[in-house]
1. What dipole magnitude, in Debye to the nearest 20, does the range 104-230 give about its Cα centre under +1 on Lys/Arg Cβ and -1 on Asp/Glu Cβ?
2. Tell me, how many Å apart are the Cα centres for the range 310-324 and for the range 360-377?
3. Computed FRET efficiency, Cβ-Cβ of Glu74 and Asn267, R0 30 Å: what is it to the nearest 0.05?
4. Based solely on its DSSP helices, what 222 nm [θ] is calculated for the chain when runs of n ≥ 4 H residues each add -39,500 (n - 2.57) and the sum is averaged over all residues, nearest 500 deg cm²/dmol?
5. Mind grabbing the accessible area of Val390 for me, 1.4 Å probe, Å², rounded to tens?
6. For a quick size check, give me the Cα extents of the range 59-142 along its three principal axes, largest first, whole Å.
7. Gain in length, Lys304 to Arg168, computed as 0.36 nm per residue apart minus the alpha-carbon separation, to one decimal in nm?
8. Any idea of Thr237's accessible area? Nearest 10 Å², probe 1.4 Å.
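The values are calculated or read from the model by the stated rules, or taken from the named source; none is laboratory data. Note that the structure is a prediction, hence the values are computed from the model and not measured. Every residue, glycine as well, gets a Cβ built from its backbone with ideal geometry; the counts of neighbours run over all protein chains shown. Side chains are part of the model used for accessible areas, which takes the heavy atoms of the whole protein and leaves out ligands, DNA and RNA. Shrake-Rupley method; radii C 1.70, N 1.55, O 1.52, S 1.80 Å.
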Amino acid sequence: MLSPTLSAFARGLTTEAAFDVLALARKLQAAGKDVISLQIGDSPFPTTASAAAAGKAAIDAGRTRYAPSLGLPEFRAALAATVSAEFGIHATAENVVVAPGAKPFEQFFCELFLEPGDAVLVFQPAFPTYEPNILRRGAVPVYRPLTQENDFRPDLAAIEQFVRWTPRAKAIFLNSPHNPTGGVATKDDLRAIADLVRSTNIAVLSDEPYCHMVWEGRHHSLLAEPGMMDHVVAAYTFSKSYSMSGWRCGYAVASPTNADLIGKMINTSLSCAPPFVQLAGLAALEHDAAERDTAMRAFHEKVKLIVAELRTVPDVTVLVPKGTFYVFPKVEPICRRLGITSHGLAMYLLEGADDRRGVGCLGGECFGPAGAGFLRFSCAEPDERLVEAVRFFADAVTRTARVKAYLDAKPEYRLS
C-alpha cells in the first residue's frame with residue numbers, strides 16, 4: 001500500500017536534546033530513581049506573584065479568546081518602554097511583536113530573510129533549534145567555534161570573514177548571554193559587530209532570553225547600536241526572568257516593517273499568543289521587577305556554587321560564566337581516560353553510574369561538534385542538590401567497571 005513520502009527535511013529533523021533527556025530522567029524518577037535534574041534550562045522558582053495572579057484573573061474575566069496577531073496594544077507598548085529603559089533600545093509599540101515564547105522567532109526570522117542557498121553564520125556550541133530552522137528554508141549554516149580561551153565570546157574575525165568573503169552571506173545568529181556556555185558579548189564586541197553589519201545586506205537574529213542573567217555589569221543588545229533596527233530581530237522571553245516557561249510568553253523587537261511581517265507570519269501559523277498570557281506578562285513588567293531581581297541574584301549564587309564545586313574535581317576546567325544559569329565545564333581529559341564521548345558521559349551519569357541515583361546533564365555534542373569534550377549543567381535545583389550532583393559526578397567517573405559495562409551496553413557512546 002502506498003503512503004505519502006516524507007520530506008527530506010522531516011526525515012532529518014533534529015530536536016532539542018534537553019527535552020529528550022528530561023523525558024528519560026522523568027521515566028527513571030517514576031521508576032523510583034533519585035535524579036538530580038540539571039539537564040534542562042528551567043527555573044526552580046515559581047512564576048512571579050503578580051504575573052500568576054493577573055493570568056488567573058484574566059481567565060476569570062474571559063480574556064480567553066483571540067487577540068491581535070501582533071499582540072495586545074498595551075502589552076506591546078509596555079514591552080517597548082521596558083527595552084528602551086533597560087537596554088537603551090529606541091523602540092515604540094510598532095517595533096514589538098508577541099509570540100508563544102522566543103523560539104518561534106527563530107523560524108520567523110529565517111522566513112523573513114532567507115532564501116534557499118543563503119549562508120548563515122552560527123557560532124558553535126549553538127542552541128540546537130537554530131539549525132533546523134535554517135535548514136527549513138533551504139539555507140546553509142556556516143559554523144564557527146566559540147572557545148573557552150576567548151570566554152566563549154563571538155569571534156569578530158570570523159564575523160568579518162563571513163560578511164566580506166562568504167558567497168551569499170545573508171544572516172548571523174547571535175546569542176548573548178550564550179546558551180550553553182554562559183559567554184557574554186561585550187559592549188565593544190557588539191559595537192564592532194554593528195560596524196561590520198551596517199550598510200550590508202546581512203540580517204542578525206539577536207537571541208537574548210537571558211537578558212537579566214548578566215553577572216558582571218549589565219546586558220547590552222545589538223539593537224541599541226546605531227543603525228541596527230533594520231538589520232536585527234531581537235528575541236526575548238519571560239521564561240527565565242519571571243519563571244514563566246510553561247506560559248509561553250515571548251516577544252521580538254525589530255523595525256516596524258519587519259515586526260508587521262512577523263505578525264503576518266503569526267497570523268498564518270499560530271493566530272496569536274493567548275491574551276491571558278500576555279496580561280500575565282504585562283503584570284510581571286509592571287509589578288515584579290524586585291521579585292525577578294531577587295531570583296536572578298539567587299541564580300548567580302547557584303552558578304558560583306557549582307563552579308566552586310566543579311573546580312575540586314580532577315581533570316575539569318571550568319570558567320565562571322559571565323551570564324545565564326548554565327555552567328559548561330571542559331571534561332575532555334576524563335572522556336579520553338574513560339573512552340567515552342561527553343554526551344555518553346552525561347548519559348552514564350544519568351542511567352549507568354548508579355542504580356539508585358543519577359544526575360541529568362547534557363553532553364556538549366548536543367550543541368554541535370564544537371561542544372565535544374564539555375558538559376552543560378543547569379543550576380535549576382536547590383543548592384544542596386547542586387553540591388550532591390557534582391560530588392556524585394566526581395565519584396562516578398572513578399567507577400571504571402561501571403563505565404565499561406555501560407559502554408558495552410551502549411557502544412554508540414565509545415570515543416572513537
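1. The dipole magnitude comes to about 200 debye.
2. Computed from Cα coordinates, the inter-centre distance equals 14 Å.
3. Once rounded, the FRET efficiency stands at 0.95.
4. When only DSSP H runs of four or more count, the value is -12000 deg cm²/dmol.
5. For Val390, solvent-accessible area is about 0 Å².
6. 46, 32, 23
7. 44.7 nm
8. Looks like 10 Å² after rounding.
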